[in-house]
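Presented below is the structure to which this report refers.
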Amino acid sequence: MATTEPATPLHHTTHPSDGHPQFAQLTRPVIWYDEGPVRLGMWICAFWAVVSGVLTAATLSVMVNPQWVEGYPQLAFGRIRPLYWHAAVYGLVSAMLQAGMYLSLQRLCGRTMWRKSLAYLHLVSWHAGVAWGCWMLYQGHGEARIGAELPIGPDCLIAVGSLAFLLNLSMTAMRRRITGMYISMWFYLTSAVAFAAIHLIGNWATFAAPGQTLTAYAGVVDGMVQSWHRQQVVFFLILFPALGLAYHIIPHLTGSPVRRYRAAVLQYWLMLICGAFAGARLLNLTAISDWVSSLAMWGSVLMLFPAWAGSLNLKGMLKTDRSLPGHCMLLLMVVFAGFVWWTLESSVTATRWLTPYTAMTDWAVARDWLVIFVVGGLMGTATIFWLVQHVYRIAAPRGWGMVVSGLLVLGLLLQVVVGAYPAGGLQGLMEMRTDAMGVLVYPDFLDIVRARQVWWKLSAGGAALAAGGWVALAMMLVFLRWRAAPKPAVVVQLSPPVDVRWVEPTPPPSPLADKPVLGLAMTLDQAKHFLFHLRWQRHPALFLTATSLILGVAWGVEFLPVVAQQRAALRIAPPAPYTPLELLGRQIYQQEGCASCHTQMVRPIYAEVTRYGEVSRPEDFVWDRPAQWGLRRVGPDLAKVGGTKNGFWHWQHLENPSQVSPGTVMPSFAHLLDERFDVEDIRRLLLTQVALGITYDEAWLVENELTAEDRAYGEMTELEQAVLRQGEEVAADIVRSGGPANMFDRKATALIAYLQRLGNPPPASATGTP
Amino acid sequence: MSDTFPVSDADSISVADQPMPKWWTRLFTLFVLICPFYLLYFHTGAPGRSEIERYERVAFEITKKRFAEIGELQPTRATILEYTKKPNWLKVGKMVFKTHCVSCHGRNGEGGVGPNLTDDAYKHVHDIEDIARVISEGANNNAMPAWKDKLSTNELVLVAAYVASLRGTHAPGGKAAEGSVPPPWDAAPADPGAGDGG
C-alpha cells in the first residue's frame, strides 16, 4: 500500500528509562514518529494558553466592571470580546487538538505524516494568521461579524493552513500502513473537510472598492451565515477532533475496549448529518424562513441519539484497571460529564418551545463555552499530558498535573456551569415571563441586567481561576521541555507493523439461518453488526466524498430559501438605503462591537414584541452588510430602538451610561462625543455601497476637491452639505431635549442618526433607490 | 471477549461488537418517525401554522382576553380619570411605563432626560387629556417621542392613567419642577375650548 518510505523508518523501541519507577507507565514499547510538528504544536499551545487564558478572564471581568478600562476604548468589552474568542477557539483549543492529532494520526496510520513540511506550513500559517488577526482586532480592524471578525488577510492565512492540513491528512490516510482506519480517523477527516469549507464560505468576501473588502452576503443571508458559521466552527473544528482524540487516547490509556463498534459508526455518521443541519439552530423563530428553522431544529433534536451512542462508548472506555494518574482521570471524567450534559441540553433547548429561553441569552454562550473549554479544552489538556509522555519522554509530575487540572476544572465549572448557564436561564425566564393577561412581569430590562450581575461575576471569577490553570499548563510545558529525555540512542527494530492484513471477522450466526426467510431478510439481519463498515473504513476517499456530499446537501437546502428571502425582500418594498451619515454611524456601531451585547432581531413572541416592538422581517435587513443580529442580549434588543428615545438621551447614555441607566454594565463611549468624523471616511463607505449596486446621488461621489479659496468662503462639497444637513437635524434634536449645542460633526451624532433610524426607516423613495 | 476484533494495530485498541441498548433503538426510531409528520404539519402550506401566524393568533387572543372587559377605550378626560381609580388596570399601565418610559422619566417617574412626573408641574399638560395626547403625538418636536404607532389606544389610555396617578407622589431624587401647575385632575375643566396644550 505504501509507495514511499516515511522520513523516519518505523521502529519499535524500548524506552531508555525503562525500569525507573518514575516512568512506570512508559515501559511499553514506543514507536518512533515525527515529533517536530507535535513539538511545535506544544510550543504554540504554551503561547496561546497564556494569551487566551488572560484574554478570556479579562474579557469577562471587563464585561461586569466596565469602569476598569474607562478611557481605553480599545479594551471595552465590545472590542476585546472577538479577541478572546479567536485566541481561545482558533488559538488555544485548536492548537491543543492539532498537536494531539499530529501524534494520533501517525500512530493510527502506522507512518509519519505524508509531508512534514505541510504540517509545519499548517501550524505556522494558521497560528500566525490568528495572532496577526488578534493584533488587527486590537487595532480596531475587525469585520464585526459575530464569530467571524478576523479581516481578510488573517482569514487567508488560516485558509492556507486548513487546506494544507486537509491535503496532508488525506494523503497520510491514503498511504497509511494499517489496513483499516480507526474510528478517530473518521472524525479527523470530516473535521478537516468541514472546517475548510465552513471557513471559506463563512468568510467569503467581495472587493467592494480599491483596497476594501466586504462580506459577500447581505441582509438575512449574512445574518444566517454568521450564526451558522459560529455554530459549525464550534461543532466541526472543536467537537469533532475532540471526540476523535477521545476515541484514541482514552482506550489507549485505560486499556479498555471500545465496546460498541456500531455505536461509533452511528455516532459518526449521524452526528455528521445532524450537525450539518443544525447550523442555523440559534435562528429558530427569527426572520429566516420557518423551513430552515425546522430543519435546524430537527438536526439538533436528533443529535441526541448519536451523541448518546458516543456517551455509551465513552462510559465503557473510562472503566480501567490500570492506575492512571488522578489528574488525567479527573480531566476525562469532566469531559465525559460535559459531553453528556451538552447532549441533553443542546437537543432539548433546540425545540421551538425552548428556543426563546435559550437563544440570544447567556445560555447560548454557556453552551459554546461548554463545547470549547470543557469538552475541547479539557480533552486537549488530557491530550497534552499524553503527548508529553511520548514526545518529551517524561511523565508530567503529579504536582503539576494536579495544579493544572484542578485549576482548570474548578475554574471552568465556575465559569460555565455555576455562572453562565444560570445567568442564561434566569435571563430567558425573566425576559419571557408574562402573567395570565400577557403583562410582562419584568418590563424594565435593567432588572434583568441587575439580576444577572452576580452570575456574571462568578463566571468572571471562574475564568480568572481557569487562566491560572492555563498559565500553569504553559509553565509545565516549558519545564518539561527543559527536562525532556533525549531520543534513545539504541533503536531496536521490531517486526514492523506495516501492511497488517485485515482479517475480516465472520459475522455471528444469524437466528434466521434455518428459517424459511428471504435472502434480503438475512442480509438485513447481518447488517446490524455493521461489518460492512469495516470495508468502508479502508477508503479515506469514501469519507471525504460522503462528508462533502452531506454537508453540501444540508447547507444547500438551508441556504437557498434564505437567499430567496433576501431576493424577495429586495423586490418587495425595501426601505430606503442608509444615508451617508447613517452609514458612518453603522460603521461606528460595528467598530465599537455593539453587537457583542445588543441583538437586532425581534422574534414573533408576544413578550418580545411587547418589550421591543414589531416583529423583525427580512425587509428590515436588506441593506445590512454585515448584518448586526448579534449573539446575546447583555443589553436590550435594538432592532426597533429608533424613535423611542430622544437625541439627548442617547448622547448622555453614550457619555455616562450608568447615569441614565443605573445598574447597567454598558461602558462609556465618551470618546465618540469628542471625536469629529471625517467626510472622506463617509465617501469611502459610499463607494463600497455603490459597488454593491445601491444608487446614491451622483454628486456625492464626484471627487470635487475645493480650492483653499473656496474653503475660505465656506464652500462645501455636495456630500458635505448632505452630511451636514442630517448632522444638524440630529444636533437640533439633542439641543431641544436639553443637550449641548453644535454637536453636528461628532461621531456620536452619526451613531445616533443610525440608532434613530433602526426600526424606523424612511420609505424607499426618500433617498437613493436600489 | 469472543466478539472482539482488532481494528487498530498501532495502539492495540480493541473494538467489540456489543449491541445497542434496546431503549436507544426504540427511542431513535420513534423520533425519526415523528420528524416527517412534524415537517408535513408545519410546512405543507396549511394556513395558520407559520411562526408569524401563530404569533398573530396568540397576540390577538391575549389582546381579546386582556381588553374584553373594557373594550376599545377613547383617550378622553373622563375615561383616563376613571382608570386612574382602577388599580388592576393601572398595573397594565405601569407595565407599559416600566417597559418604555423609565429610561427617560426614571424608574418611579422621578425624571431624568425627561421631566419629573411625580411633582405637580407639567411642561405640555394642562389637563389630564393632554397626557394621552403628549404620549400619542409626542411633544417639543419629538424630544418626547410619539408613541401612537407603537402602542395600542388602550395601552395609551392606561399608561396615561398611570402617569396621571403618579402626580404628587414626589418620588425621591426627583428632578426640579418644570412648566406650570395644572388644576387637580378631578377638578371640572376650567374652559373646555381654551386649552390646546403644548
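Restricting everything to alpha-carbon atoms, can you work out Rg to Rh for chain A with a Kirkwood hydrodynamic radius?
1.01
What lysines sit close enough to A:LYS116 to cross-link, taking a C-alpha to C-alpha distance under 23 Å and skipping anything fewer than 8 places away on the same chain?
Cα-Cα hits under 23 Å: A:LYS487.
With charges set only on the Cβ (+1 for Lys and Arg, -1 for Asp and Glu), what does the dipole of the range A:640-770 come to about its Cα centre, in debye to the nearest 20?
860 debye
Evaluate the charge dipole of the range B:72-198 about its Cα centre and quote only its size in Debye, nearest 20, assuming +1 on the Cβ of each Lys and Arg and -1 on the Cβ of each Asp and Glu.
540 debye
What net charge is computed for the residues neighbouring A:VAL130, neighbours being all others with C-beta under 13 Å from the C-beta of A:VAL130, Lys and Arg scored +1, Asp and Glu -1?
Local net charge: -2.
Going toward the positive end of the dipole of chain A, with +1 on Lys and Arg Cβ and -1 on Asp and Glu Cβ, which of A:VAL388, A:HIS122, A:THR343 do you reach last?
Checked the options; the winner is A:VAL388.
For B:LYS65, give me every one of the aspartates and glutamates with a C-alpha distance below 17 angstrom, ignoring sequence neighbours fewer than eight places off in its own chain.
A:ASP435, B:GLU56, B:GLU155
So which residue, out of B:ILE128, B:ILE70, B:ILE52, gets the largest mean-square fluctuation from a GNM of chain B using Cα contacts under 10 Å as springs?
Greatest mean-square fluctuation among the candidates belongs to B:ILE52.
For the range A:389-398, take each phi angle, set θ = phi - 60°, evaluate the Karplus expression 6.51 cos²θ - 1.76 cosθ + 1.60, and give the result in whole Hz per residue in order, putting x for glycine and proline.
Each residue of the range A:389-398 in turn: 4, 8, 9, 9, 6, 8, 7, 4, x, 4 Hz.
What's the longest piece of chain A with no exposed GluC sites (Glu not before Pro), counting a site as exposed if DSSP puts it in a loop and it has at most 16 other beta carbons within 10 Å?
With a cap of 16 other Cβ atoms within 10 Å, the longest stretch comes to A:71-613.
Where the centroid of each part is defined by its Cα atoms, how far is the range A:603-650 from the range B:81-145 in Å?
Taking the Cα centre of the range B:81-145 as reference, the centre of the range A:603-650 is 23 Å away.
Determine the relative contact order of the range A:197-330: mean sequence separation of Cα pairs under 8 Å and six or more apart, normalised by residue count, in whole percent.
28 percent
Sort A:TRP291, A:TRP482, A:TRP298 so the one with the fewest other Cβ atoms within 10 Å of its own Cβ comes first.
A:TRP482, A:TRP291, A:TRP298
What net charge do the residues around A:MET522 carry, taking every other residue with its C-beta under 13 Å from that of A:MET522, with Lys and Arg at +1 and Asp and Glu at -1?
0
Given Cα pairs under 8 Å that are at least 6 residues apart, what percent is the relative contact order of the range B:72-198?
Relative contact order here is 36 percent.
Let me check I've understood the local charge: for A:VAL62, count other residues with C-beta under 13 angstrom from its C-beta, Lys and Arg +1, Asp and Glu -1. What total comes out?
+2
For the Cα atoms of chain A, what angle does the longest principal axis make with the long axis of helix A:580-591, in degrees from 0 to 90, nearest 10?
30 degrees
Along the charge dipole of the range A:515-646, Cβ charges K/R +1 and D/E -1, which of A:PHE530, A:GLY593, A:LEU583 sits furthest on the positive end?
A:PHE530
Please build a GNM for chain B, connecting alpha carbons under 10 Å apart, and tell me which residue among B:ASP127, B:ASP149, B:ASP17 fluctuates the most.
Its mean-square fluctuation being the largest, the pick is B:ASP17.
Name the most mobile residue of B:ALA46, B:ALA139, B:ALA176, meaning the one with the largest mean-square fluctuation, in a Gaussian network model of chain B with Cα contacts below 10 Å.
Result: B:ALA46 has the largest fluctuation of those listed.
For the range A:704-766, which chymotrypsin sites (Phe, Trp or Tyr not before Pro) are both in a DSSP coil and crowded by at most 16 other Cβ atoms within 10 Å?
Counting only loop positions with at most 16 other Cβ atoms within 10 Å, the chymotrypsin sites (Phe, Trp or Tyr not before Pro) in the range A:704-766 are A:TYR713.
Using only helices, what value at 222 nm comes out for chain A when you add -39,500 (n - 2.57) per DSSP H run of length 4 or more and divide by the total residues, to the nearest 500 deg cm²/dmol?
Roughly -18500 deg cm²/dmol at 222 nm, from the helical runs in chain A.
Which Cα, out of A:LEU60, A:GLN106, A:LEU412, lies furthest along the positive dipole direction of chain A (beta carbon charges, K/R +1, D/E -1)?
A:GLN106
Could you name the lysines whose alpha carbon sits less than 27 Å from that of A:LYS319, not counting residues in the same chain fewer than 8 places away?
Partners found: A:LYS528, B:LYS22.
Given +1 on the Cβ of Lys and Arg, -1 on the Cβ of Asp and Glu, and no further charges, what dipole in debye does chain A carry about its Cα centre, rounded to the nearest 20?
That gives chain A a dipole magnitude of about 3820 debye.
Using Cα pairs under 8 angstrom and six or more residues apart, how large is the relative contact order of chain A, in percent?
Worked out over chain A, it gives 17 percent.
Using the structure shown, select from A:LYS747/B:LYS148; B:LYS94/B:LYS150; A:LYS457/A:LYS645; B:LYS86/B:LYS175; B:LYS98/B:LYS148 the pairs with a Cα to Cα distance greater than 23 angstrom.
Correct reply: A:LYS747/B:LYS148; A:LYS457/A:LYS645; B:LYS86/B:LYS175.
Read-outs throughout are calculated quantities, based only on the coordinates presented, and are distinct from any laboratory measurement. Values in this document were obtained by computation on a predicted structure and should not be read as measured data. Ideal geometry is used to build each Cβ from the backbone, glycine not excepted, and the neighbour counts take in all protein chains shown.
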